[in-house]
1. Just give me the residues in the range 27-56 being outside any strand (DSSP E or B) and among the charged types (D, E, K, R), in sequence order.
2. Kindly provide the set of residues from the range 1-26 that are in a loop (DSSP other than H, G, I, E, B), at pLDDT 90 or above and surrounded by 10 or more Cβ atoms within 10 Å (Cβ to Cβ), ordered by number.
3. Restricting to the range 28-51, what's the tally of residues that are surrounded by 13 or more Cβ atoms within 10 Å (Cβ to Cβ) and either touching a Gly at 6+ places or on another chain (Cβ under 6 Å) or among the polar types (S, T, N, Q) (or both)?
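The values are calculated or read from the model by the stated rules, or taken from the named source; none is laboratory data. Treat the numbers as computed from the prediction; the structure is a model and nothing was measured. Every residue, glycine among them, receives a Cβ derived from its backbone with ideal geometry; neighbour counts consider all protein chains shown.
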Amino acid sequence: MKKYIRSEKVEIFLDTDHDACIYYAARGRPGGAYARGKDLYLHEEDGVPDIYYIHSWSMEPGEKELLQPVSILAAEEFLEMRGLMLTAYPETKGSLALRSYGYGIAEEF
């Protein structure tokens, strides 16, 4: 899926075929398990801040796909809810500090 977004006077082209997929949800068949899901992507481009975005998809006929840019914190939470961690930016390890105090579920933050 492709989408143009505007960020600080710059037009950015998000493309799930070319951007880095950080999380790829399981896929199934229409009407069955895993017929809908969300993937997390990272768009990197020189001169533009990194952009994380969620691709909401469906295998059900007639349902539309959606690309939604999210903050790095939202990307971290997206992965933590699935038992994973985003380690691209070591300075943003707030969840690690909370886990060291016994918190382990994203909803507790």
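1. Matches in the range 27-56: Arg27, Arg29, Asp46.
2. Correct list: Thr16, His18, Asp19, Tyr24, Ala25.
3. Qualifying residue count, the range 28-51: 1.
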